[in-house]
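The values are calculated or read from the model by the stated rules, or taken from the named source; none is laboratory data. Quick caveat: nothing in here was measured; it's all calculated off a predicted structure. Cβ coordinates were reconstructed from backbone atoms using ideal geometry, including for glycine residues, and neighbour counts include every protein chain displayed.
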Amino acid sequence: MRKVSYLVVLTVFALAGMARAQEAAPAEEAPAPPADDAAAAAVPAPEAEAAAAPAAAPAAGTDYVSRGLTLSAGNLQVLVPIVLNLSKDAVLKPVWVPLDLRYGITDELEVFLNHGAIPGFPIATGFSGVCIGGEDRGCDKLYNNLNVGAQFSLLKDAAMELAALGALAVESLDPSTLSAVLGVNFKYLAGPVAIKAAPMISIGATKRDAGNKEVIMVPVQVAFQATPELAAFLDTGISGPVDGFGDGYLVPVGVGASFAVMPNLDVGGQFMLPHVLAPSAVPDDLKGVNIRYLGVFAAWRLN
């Protein structure tokens, strides 16, 4: 009996030692994947790949040059420019805030309400919106004009866009001076370069005896997307009265830039000479570099 007891004890100790040895031994390495699975095993984990990947550039249609002429359905844009008058003998006399609101009713139809120029015109356009400074600094009224209108997309593809536009322009609330504006908005995109033109005509509806008659306007912009965030642009064009165009035309020149702080927020600025070229009938004090504006702006979009 004692021999059997000794044998049982020795067996228990032996089994316990073997169990401890197995627990202490390192785990066996998993067998190498078959040759057919070697490529799959070499693919990094999605988390590691995402961490190593550089920040992606904005998707097409979100940077300045590829952004559409009209907003998509349900999208809202709020543009807040501040335009400083830097003209000869009239520095900061006055300062304008031509707020601009746009909303996409459908993917083709956009409505807008602004206090500056019709879509297609330079941002740094004076004599519009809230006028800051009072009469002593050139403001006849604090608030005296607005435009209400719409754009409808007729063509939209990767390289070309065309939209019809129309607006009711209230050039003065007191006295009431109304004009109807009709035209088209065109854009051609080639790589990082976009060319825009918006030929239109303004037809005076009231106060025609006071000079509110037909005016032809053709603003043109050439923009270059230097980086995914930064775009530079040049604004020019021509405008003038239908009756006596040769004696009253004006050619502006402006340069500016827009920087995407976030995908839906841009900030920028523009320096504008609105009367660089003009006929001899226009007084010298109102052309060349004597009239100049500086505009800074922020544009926020809902989507």
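Among all positions in segment 214-232, there is no residue which is closer than 18 Å to Phe127 by Cα and of a type in the set (Gly, Ala, Ser).
The residues of segment 101-149 that are small (Gly, Ala, Ser), closer than 22 Å to Phe233 by Cα and within 18 Å of the chain's Cα centre (by Cα), listed by number, are Gly116, Ala117, Gly120, Ala124.
The set of residues from segment 244-303 being surrounded by 16 or more Cβ atoms within 10 Å (Cβ to Cβ) and of a type in the set (Ser, Thr, Tyr) comprises Tyr249, Ser258, Tyr293.
Just one residue in the set Asn145, Asn185 is in contact with a His (Cβ under 9 Å, 6 or more places away or on another chain), within 23 Å of Pro241 (Cα to Cα) and not aliphatic (A, V, I, L, M); that residue is Asn145. May I ask you to verify whether Gly61 is on the phi < 0 side of the Ramachandran plot, in contact with a Lys or Arg (Cβ under 8 Å, 6 or more places away or on another chain), modelled with pLDDT under 95 and surrounded by fewer than 21 Cβ atoms within 10 Å (Cβ to Cβ)? So Gly61 does not fit the description; no.
Over 19 Å from Val215 (Cα atoms), surrounded by fewer than 20 Cβ atoms within 10 Å (Cβ to Cβ) and touching a strand residue (DSSP E or B) at 6+ places or on another chain (Cβ under 6 Å): does that describe Leu155? For Leu155, the condition - over 19 Å from Val215 (Cα atoms), surrounded by fewer than 20 Cβ atoms within 10 Å (Cβ to Cβ) and touching a strand residue (DSSP E or B) at 6+ places or on another chain (Cβ under 6 Å) - is met. Would you check if there is a residue in segment 265-272 being in a loop (DSSP other than H, G, I, E, B), within 30 Å of Thr62 (Cα to Cα) and touching a Pro at 6+ places or on another chain (Cβ under 8 Å)? So far as segment 265-272 goes, no, none of its residues is in a loop (DSSP other than H, G, I, E, B), within 30 Å of Thr62 (Cα to Cα) and touching a Pro at 6+ places or on another chain (Cβ under 8 Å). Inside segment 273-303, can you point out the residues that are in a loop (DSSP other than H, G, I, E, B), of a type in the set (A, V, I, L, M) and within 27 Å of Leu76 (Cβ to Cβ)? If the condition is that a residue be in a loop (DSSP other than H, G, I, E, B), of a type in the set (A, V, I, L, M) and within 27 Å of Leu76 (Cβ to Cβ), then Leu302 is the only one that fits.
Restricting the search to segment 124-152, which residues are of a type outside the set (A, V, I, L, M), surrounded by fewer than 13 Cβ atoms within 10 Å (Cβ to Cβ) and touching a Cys at 6+ places or on another chain (Cβ under 8 Å)? Once the filter is applied, which keeps residues that are of a type outside the set (A, V, I, L, M), surrounded by fewer than 13 Cβ atoms within 10 Å (Cβ to Cβ) and touching a Cys at 6+ places or on another chain (Cβ under 8 Å), segment 124-152 yields Asp140, Lys141, Tyr143. For segment 75-112, filtering for residues that are under 24 Å from His275 (Cα atoms), small (Gly, Ala, Ser) and surrounded by 16 or more Cβ atoms within 10 Å (Cβ to Cβ) leaves 1.
Let's see how each residue does on (1) more than 28 Å from the chain's Cα centre (by Cα); (2) small (Gly, Ala, Ser):
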{"site": "Ala190", "(1), (2)": "no, yes"}
{"site": "Ala210", "(1), (2)": "yes, yes"}
{"site": "Gln225", "(1), (2)": "no, no"}
{"site": "Phe271", "(1), (2)": "no, no"}
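Taking segment 103-148 as the region of interest, how many residues are of a type in the set (Val, Ile, Thr) and without any contact (Cβ under 8 Å) to a residue 60 or more places away in the chain? So the count comes out to 6. Identification of strands (runs of 3 or more DSSP E) wholly contained in segment 197-256 with 2 or more residues that are touching a residue at least 60 places away in the same chain (Cβ under 8 Å) and among the polar types (S, T, N, Q) yields 215-225.
Give the residues of segment 78-104 that are polar (S, T, N, Q) and assigned to a strand (DSSP E or B), sorted by residue number.
Of everything in segment 78-104, just one residue is polar (S, T, N, Q) and assigned to a strand (DSSP E or B), namely Asn85.
List pairs: first residue in segment 64-79 and more than 23 Å from Ala159 (Cβ to Cβ), second residue outside any loop (DSSP other than H, G, I, E, B) and of a type in the set (Ser, Thr, Tyr) anywhere in the structure, Cβ distance under 7 angstrom, at least six positions apart or on different chains. Listed by first residue and then by second, the contacts come to Leu76/Tyr103. Here Leu250, Leu234 are screened, and the one residue that is touching a Gly at 6+ places or on another chain (Cβ under 8 Å), at pLDDT 95 or above and either under 26 Å from Pro175 (Cβ atoms) or of a type in the set (S, T, N, Q) (or both) is Leu250.
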